[in-house]
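Read-outs: derived from the displayed coordinates by stated rules, not from any lab. Bear in mind the structure is a predicted one, so any value in this text is a computation, not a measurement. Using ideal geometry, Cβ is built from the backbone for each residue, glycine included, and neighbour counts are taken over all protein chains shown.
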Amino acid sequence: MATIGIFDSGCGGLSVYRELIKVLPQEQYHYFSDNAHCPYGEKTPLYIQRRGRFITEFLLDKGADIIVVACNTATAAAIATLRAEYPDVPFVGMEPAVKPAALGTHTGVIGVLATAGTLKGSKYLTTRGLYEDNVRIVEHVGQGFVELVEAGKLDGPETVETVRASLKPLLAAGADTIVLGCTHYPFLQPVIERLSGPDVRVIDPAPAVARQTVHVLEQRGIVTGVGPFSVELHASGDPTALRRIFALVDAGRQTIDNE
Ligand code: DGL
């Protein structure tokens, strides 16, 4: 059985957790929400690296065999530093799903919704550079999206108006594919899809990250699949938001909350 540590600035990484438990249903999970320091989007890389170090130590103390950085912003700001400082620990990060979007578009325009930190990161810029000769890539920060998800406002008039404002420039540019470049955003996917209409494909990279986690565990020879399943939730701040979203993604499962 593998012990899998997962972290995010808040409850967004649960969109990755829900995919992980589909492909790795018999492992021991520790999820850390750094919501006392959320959002990460506008923080400096140095700040996020410090938080990443603290959370890595916490998850290693819990026995983590692997750490999934279920946050695009933290992946952009801190994963290289963490890999250098903890060379024996396998880290899996978020990949901006620009490739599947670029391969699937019919209009030749793809939209990327992410935080400011992710859009400035060298990883994203490199990926974008590989495709921007062939497709037009329109970016926008999902302004206010993280706060809505943390507040549990996944639908309703305020959410619809907030989402509409950030989608507008992408749809106006003719994007037929929208990449969700922040792990909080999949919790707004029903609203995003409703507002975008049936001709727009919305891509959540979480299933690909879950598959990559399986691959890394196999590569490292870490035994999986023998169970029993368990999950513990941890939060640096008030755990209400985490519990609320967790109930949505994992209804019916046992959770021990010991933040
Ligand atoms: N869930 C995050 C991400 O994937 C972080 C959002 C934030 O804290 O700004 O980027």
(request) Before anything else, pin down the relative contact order of region 36-91: Cα pairs under 8 Å, at least 6 apart, normalised by residue count, whole percent. (result) 41
(message) Given R₀ = 22 Å, what would the calculated FRET efficiency be for A116 paired with A208, taking r from the Cβ atoms and rounding to 0.05?
(response) 0.40
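Can you tell me the FRET efficiency between A80 and D199 if r is taken as the Cβ-Cβ distance and R0 is 51 Å, rounded to the nearest 0.05? Write down the numbers at each step before the final one.
On the way: r = 38 Å, r/R0 = 0.74.
With R0 = 51 Å, the Cβ-Cβ based efficiency is 0.85.
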(message) Let's see if you can work this out: charge +1 on each Lys and Arg Cβ, -1 on each Asp and Glu Cβ, no other charges. What is the dipole magnitude of region 199-242 about its Cα centre, in debye to the nearest 20?
(response) 200
(request) Among G181, A101, G41, pick out the residue whose Cα is farthest towards the positive end of the charge dipole of the chain, where Lys and Arg carry +1 and Asp and Glu carry -1 on C-beta, about the Cα centre. (result) A101
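Gain in length, S230 to H106, computed as 0.36 nm per residue apart minus the alpha-carbon separation, to one decimal in nm?
On the way: separation 124, 0.36 × 124 = 44.64 nm, distance 4.28 nm.
Full extension from S230 to H106 adds 40.4 nm.
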(request) May I ask you to evaluate 6.51 cos²θ - 1.76 cosθ + 1.60, the Karplus curve with θ = phi - 60°, for each residue of region 97-102 and list the ³J(HN,Hα) values in order in whole Hz, giving x for glycine and proline? (result) 7, 6, 4, x, 5, 5
(request) List the residues whose amide H sits under 5 Å from the amide H of A235, counting only those 5 or more places along or on another chain, with H placed 1.01 Å from N in the peptide plane. (result) S33, E259
(request) For V179, list long-range residues whose amide hydrogen, built 1.01 Å from N in the peptide plane, is under 5 Å from its own amide hydrogen. (result) G111, V112, L113, I203
(request) Mind pulling the angle between the C-alpha long axis of helix 240-249 and the longest principal axis of the chain? Nearest 10 degrees, somewhere in 0 to 90. (result) 80
(request) Evaluate the relative contact order of region 1-57 (contact order divided by residue number), counting alpha-carbon pairs under 8 angstrom at least 6 apart; express in whole percent. (result) 43
(request) Show the residues, 5+ positions off or on another chain, whose built amide H is closer than 5 Å to the amide H of V92. (result) I67, V68, V69
(message) Can you compute 3J(HN,Hα) from phi for each residue in region 119-133, using the Karplus curve 6.51 cos²θ - 1.76 cosθ + 1.60 with θ = phi - 60°, rounded to whole Hz and x for Gly and Pro?
(response) 5, 8, x, 5, 5, 5, 5, 5, 4, 4, x, 6, 10, 6, 6
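State to the nearest 20 debye the size of the charge dipole of region 145-259 about its Cα centre, where the only charges are +1 on K and R beta carbons and -1 on D and E beta carbons.
On the way: 10 positive and 15 negative charges, 52 e Å.
The calculation lands at about 240 debye.
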(message) Quick one: 3J(HN,Hα) in Hz for region 71-76, Karplus 6.51/-1.76/1.60 with θ = phi - 60°, rounded, Gly and Pro as x.
(response) 8, 5, 5, 5, 4, 5
(message) From Cα pairs below 8 angstrom and at least 6 apart in sequence, can you work out the relative contact order of the chain, rounded to a whole percent?
(response) 30
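Efficiency by 1/(1 + (r/R0)^6): what FRET value for V216 and A172, r their Cβ-Cβ distance, R0 = 30 Å, to the nearest 0.05?
Numbers: r = 39 Å, r/R0 = 1.31.
Computed FRET efficiency for V216 and A172: 0.15.
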